[in-house]
1. Would you list the strands (runs of 3 or more DSSP E) that sit entirely within region 1-73 and hold 2 or more residues that are over 17 Å from the mean Cα position of the chain (by Cα) and of a type in the set (A, V, I, L, M)?
2. Pick from region 183-221 the residues that are in a strand (DSSP E or B) and away from the ligand (no atom under 13 Å from the Cβ): which of them is farthest from Leu126 (Cα to Cα)?
3. Do any helices (runs of 4 or more DSSP H) entirely within region 75-182 hold 2 or more residues that are closer than 20 Å to Leu207 by Cβ and touching a strand residue (DSSP E or B) at 6+ places or on another chain (Cβ under 9 Å), and if so, which?
4. Quick check on my filter: what residues within region 78-99 are within 16 Å of the ligand (Cβ to nearest atom) and in contact (Cβ under 8 Å) with a residue 40 or more places away in the chain?
5. Here is a check on your reading of the model: is Ala159 surrounded by 18 or more Cβ atoms within 10 Å (Cβ to Cβ), closer than 24 Å to Pro218 by Cβ, in contact (Cβ under 8 Å) with a residue 24 or more places away in the chain and not hydroxyl-bearing (Ser, Thr, Tyr)?
6. Cβ-Cβ under 9 Å, sequence separation 6+ or interchain: first residue in region 125-142 and touching a residue at least 40 places away in the same chain (Cβ under 8 Å), partner of a type in the set (Asp, Glu) and in a loop (DSSP other than H, G, I, E, B). Which pairs?
7. Based on what the data block shows, is Gly149 away from the ligand (no atom under 14 Å from the Cβ), touching a Leu at 6+ places or on another chain (Cβ under 7 Å) and not β-branched (Val, Ile, Thr)?
8. Do we find a residue being within 13 Å of the ligand (Cβ to nearest atom) and among the aliphatic types (A, V, I, L, M) anywhere in region 25-34?
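None of the figures in this text is laboratory data; all of them are computed from the coordinates on show. Note that the coordinates shown come from a computational prediction; the quantities given were computed from them, not determined experimentally. Cβ sites come from the backbone with ideal geometry, for glycine too, and all protein chains shown count toward neighbours.
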Amino acid sequence: MTEAHTRRALIVGASRGLGLALVEEYARRGVEVVATVRDAESEALRALTERFPVAVEHVDVTDALQISALAHQLARDQFDLLFVVAGISLAPVDEPASDIADDAFTRTMLTNALGAMRVVERLAALVPQTGTVAVMSSGQGSVANNTSGGFEVYRASKAALNQLMRSYAARHAAEPKTLLLLAPGWIRTDMGGEGAGLDIAEAIPPLVDTIEAQHGTPGLHYLDRHGATVPW
Ligand SMILES: NC(=O)c1ccc[n+]([C@@H]2O[C@H](COP(=O)([O-])OP(=O)(O)OC[C@H]3O[C@@H](n4cnc5c(N)ncnc54)[C@H](OP(=O)(O)O)[C@@H]3O)[C@@H](O)[C@H]2O)c1
């Protein structure tokens, strides 16, 4: 993002957790934010709209019609950053993939892989060629780093997301946009749980610093919150 104009970010999946924290972090840095939720806006997000230039829109990333409606609603807008944060993890850490209920498998893939990519496909047009399209992946999406197992379907969904983003990047190789898959670390949220090693306040500022540092770097990068490349 450049300093010459009021910077704008569209953050998808911002009712709570990392998405909500990203809204606050960008707003504190002077960025105008459009934050999306799928249901009623949370009290915490509403409080941010009263303190900062934060607007709220609605989209469920598993609903292609809602994504199209959001694209239509925002058609006249431009964003320096589109950041798709929404994600779910439905199965216990030690459940083999073969034991998961079909519906839970489908919902995990629909949300974390297909839904995220549909948002990218439909909304990336709102990001100028100098801008950034980021998607929240996970270190668990790394095939190369999977020596411990666990969270098998969640891992698979983030690996699928990574692969789909590589295909997207290949199709858009001539464009100078910055494309990011981000692995923020294990963070205490509803998803991360109490046992996670990081709290939000530790993880989000370096993650945003990393996104800002990638400005003007064309192509797809899979990075941790400190900007180190994660092996595919
Ligand atoms: N926490 C970690 O340790 C960690 C580590 C690596 C990556 N991540 C990734 O970071 C992202 C955020 O995780 P988190 O820890 O903040 O999780 P969280 O606290 O469980 O929050 C998940 C967010 O995603 C939204 N969401 C879920 N399904 C959605 C859908 N179909 N459409 C739109 N929004 C949807 C939720 O909205 P509702 O309130 O409506 O449910 C909520 O805002 C996820 O992609 C996750 O995989 C997290």
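1. 54-58
2. Looking at residues that are in a strand (DSSP E or B) and away from the ligand (no atom under 13 Å from the Cβ), I get His221.
3. Result: 116-123, 152-171.
4. Within region 78-99, Leu81, Leu82, Phe83, Val84, Val85, Ala86, Gly87, Ile88, Ser89, Leu90, Ala91, Val93 qualify.
5. Spelling it out, it is not the case that Ala159 is surrounded by 18 or more Cβ atoms within 10 Å (Cβ to Cβ), closer than 24 Å to Pro218 by Cβ, in contact (Cβ under 8 Å) with a residue 24 or more places away in the chain and not hydroxyl-bearing (Ser, Thr, Tyr).
6. Every condition considered, the pairs that remain are Leu126/Asp77; Val127/Asp80; Pro128/Asp80; Gln129/Glu175; Thr130/Asp80; Gly131/Asp80; Thr132/Asp80.
7. no
8. no
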